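Here's the structure, in structure tokens; my notes come after.
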Amino acid sequence: MKILINATMLDDKPTGVGWYILNILNQFDRIGIKYSVFTSIDIKKNNVKRIKTAKFVRPYPYKKLAGVIRFVINQTMFPFIAKNYDIVYFPSTHGSFLLENQIITVHDLIGLYFKSQHILQYLYFKYALKFILKKAKIIITISKNTKNDVIKFFNVNPQKIKVVYNGINHEVFYPRKNSRAYVLHRYKISDYILAVGSSYPHKNIHRLIEAFKKLQKMYPHITLAITGYPIPYQKELVKRYNLENVKFLGYVPLEDMPYLYSAAKCLVYPSLYEGFGFPPLEAMACGCPVAVSNLSSLPEVCGDAAMLFDPYNVEDIKNAIEQILIDENLRQNLIKKGLIQARKYSWEKTAKRIIEIFKKTIQ
């Protein structure tokens, strides 16, 4: 079985989809699956052994134009490179108009829900993706919620869609005993609520900031720590409310995240839409109690191991946080349930399921 993986989505600072790709490649290596990779990023440093690097593909340096360049390459050069392979796997929501043997993972359809936020993605989803999905042999989605979105927007036969949940890297995400000292030394914070991902409006951080404002009088010693870089109106909110205890941490390297999760009072994830949602499960795996939005895939993925709230309701967000802060029994129960829930997900399970799909597709 000759497998070619299109990993042009990778860049030098991987986030959700990037980590998905790297984890899948590493698990294929562990299982002993032979494959080739089409990408311009040097991924040898990520312990991926079998590399076929296309040096002329350089999506990352073009930044905002990366998506356009990637699309052109996938419709022109890539089909010629891929023609001698049994399976061509796109582990991101990309593909070719020409390939008959492609399998595509759809992570989310956020561009269709938040048009102004992701205009190029919206145009791609609306005018190109439906033809690519029609061409694909199999569509993999990372949650039932995303499967339902694919059916809703593109009228795809449900039998063609296979749900394969993401995994958690349990070698990285586990409770760290010295986390409080580590975080205090690196980030100068101690008692804090953690939020992950400030860079996009749909992450809904502005409502979390408003909820935190309501908590400040009762909990003046608590900090709201937010990974990522603030959008201008988030900074304006913090300044307007004079919230000295809100701290944006910028880009946080992977090796620091388990410590941030482990030392946090709780993770609050008020996102309005997720195809899966890594941070809540990563936090659970680190023994951190979690409060999440009750929308999209988050209730499906988190089960009964998280506090759910209405992300459009600031008072509801505030109440969920406060319950975790004041009720130690609830906090410990969430930690216990979260550790159990996180164990249900592993990259080994994800990779093995994808390989099963490859084999059945060839048969």
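The values are calculated or read from the model by the stated rules, or taken from the named source; none is laboratory data. Note that the structure is predicted; figures quoted are calculated from it, not measured. Don't worry about glycine lacking a Cβ; one is built from the backbone with ideal geometry, like all the others, and counts go over all protein chains shown. The area values use the complete protein model at the heavy-atom level, side chains included, leaving out ligands, DNA and RNA. Shrake-Rupley method; radii C 1.70, N 1.55, O 1.52, S 1.80 Å.
Holding the Cα-Cα limit at 20 Å, pick out from Lys126/Lys152; Lys188/Lys217; Lys162/Lys360 the pairs that are longer than that. Violating the 20 Å limit, Cα to Cα: Lys188/Lys217.
Placing unit charges on the Cβ atoms only, positive for Lys and Arg and negative for Asp and Glu, gives the stretch 118-165 a dipole magnitude near 180 debye about its Cα centre. Computed about its Cα centre, the charge dipole of the chain is approximately 1080 debye, with only Lys, Arg, Asp and Glu carrying charge at their Cβ. The H on the amide N of Val37, modeled in the peptide plane, is under 5 Å from the matching H of Ile5, Lys52, each at least 5 residues off or on a different chain. Select from Lys147, Lys162, Lys214 the residue whose mean-square fluctuation is largest in a Gaussian network model of the chain (Cα-Cα springs shorter than 10 Å). Ranking Lys147, Lys162, Lys214 by mean-square fluctuation puts Lys214 first. Rounded to the nearest 20 debye, the dipole size of the stretch 160-261 about its Cα centre is 260 debye, using +1 on the Cβ of Lys and Arg and -1 on the Cβ of Asp and Glu. Here's the picture: charge each Lys and Arg Cβ at +1 and each Asp and Glu Cβ at -1 in the chain, and of Gln75, His107, Tyr192 the one pushed furthest to the positive end of that dipole is Gln75.
Note on surface exposure: Asp256, Asp304, Asp86 rank Asp304, Asp86, Asp256 by accessible area, highest first, 1.4 Å probe. Helix 314-326 versus the longest principal axis of the chain: what angle, 0 to 90°, nearest 10, using Cα atoms? Helix 314-326 and the main axis of the chain meet at about 70 degrees. Here's the picture: charge each Lys and Arg Cβ at +1 and each Asp and Glu Cβ at -1 in the chain, and of Ile324, Phe154, Leu260 the one pushed furthest to the positive end of that dipole is Phe154.
Report summary: the helix-based calculation at 222 nm, which adds -39500 (n - 2.57) for every DSSP H run with n ≥ 4 and divides by the residues of the chain, gives -12000 deg cm²/dmol. 3J(HN,Hα) along the stretch 226-238: 10, 6, x, 9, x, 6, x, 6, 5, 4, 5, 4, 4 Hz, from the Karplus curve 6.51 cos²θ - 1.76 cosθ + 1.60 with θ = phi - 60°, whole Hz, x for Gly and Pro. Sites counted here are chymotrypsin sites (Phe, Trp or Tyr not before Pro) in a DSSP loop (not H, G, I, E or B) having no more than 15 other Cβ atoms within 10 Å; the longest part of the chain that contains none of them is 98-240.
Of the residues Asp191, Asp327, Asp316, the one that moves most in a GNM of the chain with alpha-carbon contacts below 10 Å is Asp327. Taking the DSSP beta bridges with both ends in the chain, the antiparallel portion is around 5 percent. Shape class for the chain, computed from the alpha carbon gyration tensor (a ≥ b ≥ c): prolate, with a/c not under 1.5 and a/b above b/c.
Per residue, the chain exposes 46 Å² of solvent-accessible protein surface, assessed with a 1.4 angstrom probe and all protein chains in place. Against the criterion of solvent-accessible heavy-atom surface with a 1.4 angstrom probe, Leu208, Leu123 sort, most first, into Leu123, Leu208. Taking the C-alpha atoms only, the angle from helix 16-31 to the longest principal axis of the chain is near 60 degrees.
Accessible surface of the chain, 1.4 Å probe: 52 percent of it comes from carbon and sulfur atoms. So which residue, out of Asn242, Asn74, Asn101, gets the largest mean-square fluctuation from a GNM of the chain using Cα contacts under 10 Å as springs? Comparing Asn242, Asn74, Asn101 in a Gaussian network model of the chain, the most mobile one is Asn242.
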